[in-house]
Amino acid sequence: MSDSDKSRFKNVALAGITFQAGSAAVDSSTIMAALVYQLTGSSIVVGAITAILRFGWLFPQLIIGFLAQRSGSSMQYYVIGAFGRAACMALMAATLWVGADWPRGWLAVAVMVIWVAYAFISGIVAVPYNDIVARSVPSKLRSRLLATRFFGGGVLALVVVGIADRLVSNLAFPLSYAAIIAIASVLMFLSSTVFTAMGEPETKGSAADKPGFFQYLKDGVQVFRTDNRFATFVYAQWCGGAVLMAMPFYVVQASKSGVSLEYVALLLGAQTTGALLSNPLWGWWGDHLGKVSLLRAIALGRVVPPLLALSLPEGALFWFFMVVFFLMGALANGLTIAVIGFLMEISPDDKRPAYSGYFNAITAPAFLLPLLAGIIASVVGLPVVFAISLGCVSKVVEIDFRHLRAG
């Protein structure tokens, strides 16, 4: 690796580490789920938190992919999204602090409005981030990069967890959550600054003769029809989105089982520890055995959390949920490394922003399913949500991953 490559590797890794810790402080399946559940007591709103985040993250990418592909530059869009989402978290922290004495309903509405803005502004980041990282870091080092990011971010996130646990114990609700989200905002601002400081690598090819938006959409349909790896990967992501519909409800299940939400930071800690300890394995696996092999392993492992939730034992409930969240963290981390790494592999160098936009826009609707899960939980109960998630895992396992051969 040249000195320039080493410098970019360090910048990308450090930016990822600080963002990873910041995003842990506003994790949708623990911190934010506990916040809105205490504000509203509604499973539907809890489901909406994750649905909004995932849909908002994915939907803007079709447009951003077009703009970045046409302009030949991605950093300007990264700046808007990265600093914008950090500002949203600063605003939410201020709102929770100033609005501590507001009626819970009004405060919940304010939180949800800011969360929607955060989700959709965050969605601007993904396409330029993937494009810049793919041009900055060689393919053989990308799984290692992602593992470094998640390992370092996990260590820093554990520090945040420790602070969050003290805040929840010592500050009144919702001031404790205001302080936690303020920490997230600071870390996100730091991440954005480090990433933009390295500049953008030169792009290959010319920005001339780029298609218009409708041709861009037509090209996306053609890619889906003719690229078998891409189409199979989209199907796998749709099934995976159905599996993830249960994610925000594990903390609700813990609460209903008698685990106090004062311990939510410890559940986040278990989730973060699972991600942290699994990092070396996933990084090695992706680079040495391939991203497809990693996708298959994660698909098999995702059977376990919903199965455990459906076989909830009597007694020792807190430690049981610590194990569940540990496994969820490990699997979620491996999935992220596999999905990002594989998408980079199958995207042509000169069309990477477009491929990211196509992929994420097509799969975006699947991530509205947690909202449906919230309705199901309210009407027929949480076990049905976990049973549906388990059934969708079996669909992922059945996918013929041999069609997804890549590096």
Across the range 252-267, what is the total count of residues that are open to solvent by 50 Å² or more (accessible area, probe 1.4 Å) and more than 19 Å from R166 (Cβ to Cβ)? 2
Could you run through the range 109-163 and say how many residues are open to solvent by less than 10 Å² (accessible area, probe 1.4 Å), closer than 21 Å to R8 by Cα and among the polar types (S, T, N, Q)? 2
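Listed here are the residues, each with its yes/no results for (1) open to solvent by less than 40 Å² (accessible area, probe 1.4 Å); (2) part of a helix (DSSP H, G or I); (3) β-branched (V, I, T).
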{"residue": "S278", "(1), (2), (3)": "yes, yes, no"}
{"residue": "G286", "(1), (2), (3)": "yes, yes, no"}
{"residue": "V292", "(1), (2), (3)": "yes, yes, yes"}
{"residue": "A332", "(1), (2), (3)": "no, yes, no"}
{"residue": "Y355", "(1), (2), (3)": "yes, yes, no"}
Restricting to the range 183-219, and then to whatever is at pLDDT 90 or above and open to solvent by 40 Å² or more (accessible area, probe 1.4 Å), can you tell me which residue is farthest from the chain's Cα centre (by Cα)? T193
I need the full set of residues from the range 1-12 which are touching a residue at least 12 places away in the same chain (Cβ under 8 Å) and surrounded by fewer than 22 Cβ atoms within 10 Å (Cβ to Cβ), in order please. M1, D5, S7, R8, F9, N11
Considering only residues that are within 27 Å of T193 (Cβ to Cβ) and surrounded by fewer than 16 Cβ atoms within 10 Å (Cβ to Cβ), which ones fall in the range 95-108? W97, V98
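The values are calculated or read from the model by the stated rules, or taken from the named source; none is laboratory data. Values in this document were obtained by computation on a predicted structure and should not be read as measured data. Counting neighbours? That spans all protein chains shown, and the Cβs are built from the backbone with ideal geometry, glycine included. Surface areas here come from the heavy atoms of the whole protein model, side chains and all, with no ligands, DNA or RNA. Shrake-Rupley method; radii C 1.70, N 1.55, O 1.52, S 1.80 Å.
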